[in-house]
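In what follows, a structure is listed as structure tokens, so that the remarks can point back to it.
The values are calculated or read from the model by the stated rules, or taken from the named source; none is laboratory data. Please read all numbers here as calculations on a predicted model, not as lab measurements. In this analysis, Cβ positions are derived from the backbone assuming ideal geometry, glycine residues included, and neighbour counts consider all displayed protein chains.
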Amino acid sequence: MAGSFPPPTLGHIIEETILPDVNTTVNLFAIHLRRVSGEWEYPLHEHTQFEINYVLEGQQLMNADGSRLLQ
């Protein structure tokens, strides 16, 4: 199946992998917004699927699978 976008100039590509199209359903639950102070922390917890964090202002330091991630 051809992609839905024109390819870039081939001379500029170093490496490319094209994955197949995916049709999926996304269920979002427990959506919430929070404004917190710089000292705020959330207890260690796990999710069976994934967690999306969208930082609008400032920074967030997250620990995930033993890695510290600064957003």
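Only residues that are more than 13 Å from the chain's Cα centre (by Cα), within 20 Å of LEU33 (Cβ to Cβ) and assigned to a strand (DSSP E or B): list them for the stretch 44-71, please.
LEU61
Can you list residue pairs whose Cβ atoms sit under 7 Å apart, with the first residue in the stretch 19-31 being without any contact (Cβ under 8 Å) to a residue 40 or more places away in the chain and the second being part of a loop (DSSP other than H, G, I, E, B)? Count only pairs 6 or more apart in sequence or on different chains.
ASP21/MET1
Could you tell me how many of the residues in the stretch 39-54 are over 22 Å from VAL26 (Cα atoms) and of a type outside the set (A, V, I, L, M, F, W, C)?
Number satisfying all stated conditions: 4.
To keep it simple, each residue is scored yes or no on (1) at pLDDT below 90; (2) loosely packed, with under 10 Cβ neighbours inside 10 Å; (3) polar (S, T, N, Q); (4) touching a Cys at 6+ places or on another chain (Cβ under 6 Å).
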residue: THR24; (1), (2), (3), (4): no, yes, yes, no
residue: ALA30; (1), (2), (3), (4): yes, yes, no, no
residue: PHE50; (1), (2), (3), (4): yes, yes, no, no
residue: LEU70; (1), (2), (3), (4): no, yes, no, no
